[in-house]
1. How much length is gained if the chain between ASN105 and LYS27 is pulled fully straight, taking 0.36 nm per residue apart and subtracting their Cα-Cα distance, in nm to one decimal?
2. Enumerate the calculated ³J(HN,Hα) couplings along region 37-47 in order (Karplus 6.51 cos²θ - 1.76 cosθ + 1.60, θ = phi - 60°), each rounded to whole Hz, writing x wherever the residue is Gly or Pro.
3. Any of LYS134/LYS246; LYS114/LYS240; LYS55/LYS114; LYS114/LYS237 with alpha carbons more than 27 Å apart? Name them for me.
4. Which aspartates and glutamates, on any chain, are close to LYS70 with Cα under 13 Å apart, when same-chain ones fewer than 8 places away are left out?
5. With θ set to phi - 60°, apply the Karplus curve 6.51 cos²θ - 1.76 cosθ + 1.60 along region 164-169 and write out the HN-Hα couplings as whole Hz, x wherever there is a Gly or Pro.
6. If the cut-off is a Cα-Cα distance under 21 Å, which lysines reach LYS10, setting aside same-chain residues fewer than 8 apart in sequence?
7. Going by alpha carbons, how many degrees (0 to 90, nearest 10) lie between the helix axis of 71-90 and the longest principal axis of the chain?
8. Under 20 Å from a point 7 Å along the Cα-to-Cβ line of ASP194: which residues of region 130-154 have their amide N that close?
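All of the numbers you see were taken from the coordinates with simple rules; none came from a lab. None of these values were measured; they are calculated from a predicted model. In this analysis, Cβ positions are derived from the backbone assuming ideal geometry, glycine residues included, and neighbour counts consider all displayed protein chains.
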Amino acid sequence: MNEIELYTEKFLKYCTTHRKLSPLSVKHYGFDMRIFMRFLTEYDPSVTSCSQVTKEILNAYLNYLSDKYKVKTIKRKIACLRSFYNFLEYEEIIDNNPFQKFRMNMKEGFRLPKTMALAEINLILDAAYSQNAKGPGEEFTRIRDAVILELLFAGGLRVSELCDLTYSDLDISTGSLCIHGKGNKERIVYLENDEIIRVIKEYLNIRNALDIDLPFLFVTKFKAQMSTQGVRNLVTKYTKLAGITKNITPHVFRHSFASLLLEEGVDIKFIQDFLGHSSISTTQIYLHTTGDKKREIMSKMHPRRKLDFSSPESKL
């Protein structure tokens, strides 16, 4: 194990114990650091010491990433590396931080988030509720899948947040969920819909009868925690059953939750809170998704429609 590998392990432990990052965030940091270390072994000459990394090497790494990843992903990997070197500097492991003179000017192309119309969401939910179960095992899967799809839309949850839900996060008496978001930030989601509460209770009755010794709310038929990939697979399954050909992911439910609330006139600050965004600028991307609603408002509500110059009475 060389020096960089040694301090990477210490850095990841520091992220867990001191920065209190979520296990998923630490996992991503570890993945990003492994990519950087692989680059350093391929660099000529190879680099094994933290203090050997210079601004020139960082620029070379940036070029290396640019050939493989999109701007958003590159920024995340560089941010991870910057945090690593700030950690080294704080722990007095290095005298000079190469990021002090490193500048990265990369503009990310603007892309509208992919969303669904309410009619499409209705088709997907209908496909889940309409499944015919053959036996207790299939009935468990059918009800579980329906609850998962309902919560993806009802609360705008990230797929990782949904999979990490435990019994203690759900208060069925108040119809609320405690969501553990990015950076271990908690938020409350209220489920103000009788149909959703009913199907959750139905799922819990079946789930409790299976004698599964796991705290997680959603489990597989093999009595294991539901994985994020498992949720993606079931979303794909019911999207196809609904006859929808475009690619729908759990995150599209989250985007749709936000954009549809915005079209209903909900203040963007509330939507920021619902989504668990740290910055309002992250939420503002949904302001660009409501073109049809803006057109409707301008058509039906603009004061100009009250003016009429075609009749003699309207002329001066």
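1. Residue separation times 0.36 nm, minus the Cα-Cα distance, leaves 25.4 nm.
2. 5, 5, 4, 5, 6, 8, 5, 10, x, 5, 10
3. Checking Cα-Cα distances, LYS134/LYS246; LYS55/LYS114 exceed 27 Å.
4. GLU108
5. Karplus values, whole Hz, x for Gly and Pro: 8, 4, 10, 4, 5, 7.
6. Straight-distance partners of LYS10: LYS20, LYS27, LYS77.
7. Once rounded, one gets 50 degrees.
8. 147, 150-151, 154
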